[in-house]
Amino acid sequence: MEIKIFEKFRLDGKTAVVTGGAGNIGYHTGMTFAQAGAKIAIVDLPVCLERSQAIAKEFEEAYGVKCAGYGCDLTDAEAVKEMFDQIEKDLGSVDIVHNNAGVGGALAPDIEEWDPEHNMPHLDHWKQVLDINLVSQYIVATTAARVMIREGHGGSIVNTASMAGHIINQAPMFQTLDDSSYGVSKAGVLYFTRHFASQVIKYGIRVNSVSPGYCYSPNLHDGLSAEIMDAYTKTQPIMRMLNVDELMGAFLYLASDASSYMVGQDILVDGGHTIW
């Protein structure tokens, strides 16, 4: 029997929800899913609504698929439920979720007192990172799964984890420069992915994750010191940072029927960083 493998990567007739859709990774996964034929819901913070809507319009015009932009505080469970209800009405279903919204931690050791120029105490910032990176993923995944169960067709939830959930970030510089909030939140995403996957596979819902390594982002990395950039570029066998487009194959694979036997797994895209 002929296996039409490339057709398994198509997303025609499905609706993909991308959180953090106005950011670097989310923008590119939205573009990738649109190219594969999916209707796209671009979700970001309420203050980013105009950008989310502009991206949706861009994809709609470029790829001929229906798209819409939304603004939502993903740490607010009721707001997330209302958003998914609206996406159902606007785009017809919820089949795929790229659970991607997140923020970075602080470039300061956990035992260090913050100076007065920071807007909040260190502990409050630590809690905020976990709220945005982990609690919001829990809220989005559980809410989306309830929608998928009600609709009765299964689905795919792909969480953005991180290499930092597997190892201690920045250790190759012979010191740990950041606080633990980001790594703790992403380690939590890895565990939640496995745990939740075991609960919802009986409904035909697959939950997996992708862990990017050091992904280049102009707004984040341009202007950093040569020492820090060396840590990003020379601490993996491939000797360079990850380009965002190099993540898209992993996200499309997990979103599509090509990965129909993948349950509770993580794909680590790190240029070999963790093998050294």
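Here are the numbers for the structure shown:
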{"read-out": "Members of the stretch 159-179 that are part of a loop (DSSP other than H, G, I, E, B), modelled with pLDDT of 95 or more and of a type outside the set (A, V, I, L, M)", "value": "SER162, HIS166"}
{"read-out": "Residue satisfying condition, being touching a residue at least 24 places away in the same chain (Cβ under 8 Å), charged (D, E, K, R) and closer than 28 Å to ALA16 by Cα, within set ASP245, ASP178", "value": "ASP245"}
{"read-out": "Condition met for ALA141 (without any contact (Cβ under 8 Å) to a residue 60 or more places away in the chain and either surrounded by fewer than 16 Cβ atoms within 10 Å (Cβ to Cβ) or within 17 Å of the chain's Cα centre (by Cα) (or both))", "value": "no"}
{"read-out": "Condition met for HIS125 (modelled with pLDDT under 95 and open to solvent by less than 60 Å² (accessible area, probe 1.4 Å))", "value": "yes"}
{"read-out": "Within the stretch 218-232, considering residues that are touching a residue at least 24 places away in the same chain (Cβ under 8 Å) and surrounded by 14 or more Cβ atoms within 10 Å (Cβ to Cβ), the one farthest from MET163 (Cα to Cα)", "value": "ILE228"}
{"read-out": "Residue identified as at pLDDT 95 or above, assigned to a strand (DSSP E or B), open to solvent by less than 10 Å² (accessible area, probe 1.4 Å) and closer than 23 Å to TRP126 by Cβ among SER211, SER156", "value": "SER211"}
{"read-out": "Test set (1) part of a helix (DSSP H, G or I); (2) open to solvent by less than 40 Å² (accessible area, probe 1.4 Å) - THR235 fails condition number", "value": "(1)"}
{"read-out": "Per-region count, the stretch 108-136, residues in contact (Cβ under 8 Å) with a residue 60 or more places away in the chain and closer than 22 Å to GLY20 by Cβ", "value": "2"}
{"read-out": "Output for the stretch 1-50, where each listed residue is of a type in the set (Gly, Ala, Ser) and at negative phi", "value": "ALA16, GLY21, ALA22, GLY23, GLY26, GLY30, ALA34, ALA36, ALA38, ALA41"}
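The values are calculated or read from the model by the stated rules, or taken from the named source; none is laboratory data. Because the structure is predicted, anything quoted here is derived from the model rather than measured. FYI the Cβ positions are ideal-geometry reconstructions off the backbone, even for glycines, and counts take in every protein chain you see. Side chains included, ligands, DNA and RNA excluded: accessible areas come from the protein's heavy atoms. Shrake-Rupley method; radii C 1.70, N 1.55, O 1.52, S 1.80 Å.
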